[in-house]
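Visitor: Before anything else, here's the structure in question.
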DNA sequence: CGCTTGATTATACAGTTGAATAAGAAGGCT
DNA sequence: AGCCTTCTTATTCAACTGTATAATCAAGCG
């Protein structure tokens, strides 16, 4: 008998590409880069392996695209929280801080996914540029929020403050994602807000009683 | 003619084990976990692949040992800087901060190496325990330094402060290692000292004019 | 000095990897 | 309808993976 051939639907290019990218991300998050083989990716995306080379010339290209997508989504979450208009400057900064310290950003999967791409940055200048751009975009958002605060601080200081707070949030994000059981429920958010406030000389804990509502999509 | 067999020396167990661990680390740092194949590791360590299984029952065991070695060396550097006796409490804390923000800790290789092991933490409880122990050891050293400061702050606050400063240093470490060209020479150390001081309410910049001398081995 | 021991090498193996190619199916065009 | 381009699958390939096992040689001991 003729070998029964798999039935399939034709899908738009965008749909297939994003399905492959999503599949790649979930595999890297679960089992690291070595788990993201072309066959595993294809299987999870519901297609066969050969299709990958139809949309991405090489596997590296797919890896790069999925890294880009991750970075985009990370800075997007923060940018959304920073855009809230009907709030005080302190409230927007607090919302920004909070959004990075709770799911979906603060999750074991995100950190592991991010770490999984890390070593590729050293050998691939394009990927490094993506990383640098995302880092600077995140920091610039932060710096704008800092500049909007009602306080007397020289603008020259804003850069250093943004670097410090960005680092603080990164560190809390990593630790909280990797060791979720080592911290009480909202402990890291409180610590993030208090420390950010200390660095900037403002009080962020007061206006954030409503914070659990912020950042919900 | 008879195939010439490779000449070799017998080495002590400790020497071979550490050679294999070092080789594993340098390969992971350079090309990520996927570059650390048994053959590459053996070649770099100057032995043949089969020998690995003589010292480590499986490759995973070797990976675990090299992760342990990395974590040990990381916390050791900080502990050494914190142990300086003939200095003020502020001076010791400043030395601790500085030691994490300069080589050999702050290096692209270190971060990439650390990130390379990351995803294994999710599936291997033993490795996760190693990571947690190292993280807590680092934080405890920090907390002791904080407790020794001459200031009026409730001891209950020390834990939160140590978590925050640890996160800050982690974040600066990652960013500085990954994007070394984005920061001026001692910029990150200054930022680390100023921010740590702000979180704790002390001045760390003053007593650290000699800081470049600290932490040199 | 000869012998035993076990550290080390060499070879083999089954499975998997990323990539290449050819065949077939779906849908748009006229 | 019929053709033609684009998408999708199936199959193949050489290279590489971790592990297992057998052969061999270095070195310490009697």
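The values are calculated or read from the model by the stated rules, or taken from the named source; none is laboratory data. This structure is a prediction, so every number in the text was calculated from the model and none was measured. Positions of Cβ are backbone-derived with ideal geometry, glycine not excepted, and every protein chain shown enters the neighbour counts.
Visitor: Looking for whichever is surrounded by fewer than 20 Cβ atoms within 10 Å (Cβ to Cβ), within 23 Å of residue B:118 (Cα to Cα) and more than 16 Å from DNA strand D (Cβ to nearest atom) here; the options are A:82, A:134. Which one fits?
Guide: A:134
Visitor: Would you call residue B:99 away from chain A (no Cβ under 11 Å), modelled with pLDDT under 95 and either surrounded by 23 or more Cβ atoms within 10 Å (Cβ to Cβ) or touching a helix residue (DSSP H, G or I) at 6+ places or on another chain (Cβ under 6 Å) (or both)?
Guide: Yes, satisfied.
Visitor: Select from the stretch A:19-48 the residues that are touching a residue at least 24 places away in the same chain (Cβ under 8 Å) and either over 14 Å from residue A:63 (Cβ atoms) or more than 21 Å from the chain's Cα centre (by Cα) (or both) and write down the one among them that is farthest from DNA strand D (Cβ to nearest atom).
Guide: A:30
Visitor: Which of the residues spanning the stretch B:176-190 are facing chain A (nearest Cβ under 8 Å) and either buried (at least 23 other Cβ atoms within 10 Å of the Cβ) or in contact (Cβ under 8 Å) with a residue 60 or more places away in the chain (or both)?
Guide: B:178, B:188 - these are the residues of the stretch B:176-190 that are facing chain A (nearest Cβ under 8 Å) and either buried (at least 23 other Cβ atoms within 10 Å of the Cβ) or in contact (Cβ under 8 Å) with a residue 60 or more places away in the chain (or both).
Visitor: Looking at residue B:60, is it touching a helix residue (DSSP H, G or I) at 6+ places or on another chain (Cβ under 7 Å), within 13 Å of another protein chain (Cβ to nearest Cβ) and surrounded by fewer than 18 Cβ atoms within 10 Å (Cβ to Cβ)?
Guide: No.
Visitor: What single numbered condition from (1) in a helix (DSSP H, G or I); (2) touching a residue at least 40 places away in the same chain (Cβ under 8 Å); (3) more than 10 Å from chain B (Cβ to nearest Cβ) fails to hold for residue A:158?
Guide: Condition (2) is where residue A:158 drops out.
Per-residue answers, yes or no, for (1) surrounded by 21 or more Cβ atoms within 10 Å (Cβ to Cβ); (2) not assigned by TED's automatic domain parsing to the domain that holds residue B:182:
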site: B:34; (1), (2): no, yes
site: B:42; (1), (2): no, yes
site: B:69; (1), (2): no, no
site: B:94; (1), (2): yes, no
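Visitor: Scan the stretch B:20-36 for residues that are within 12 Å of DNA strand C (Cβ to nearest atom) and at pLDDT 95 or above and jot them down.
Guide: B:20
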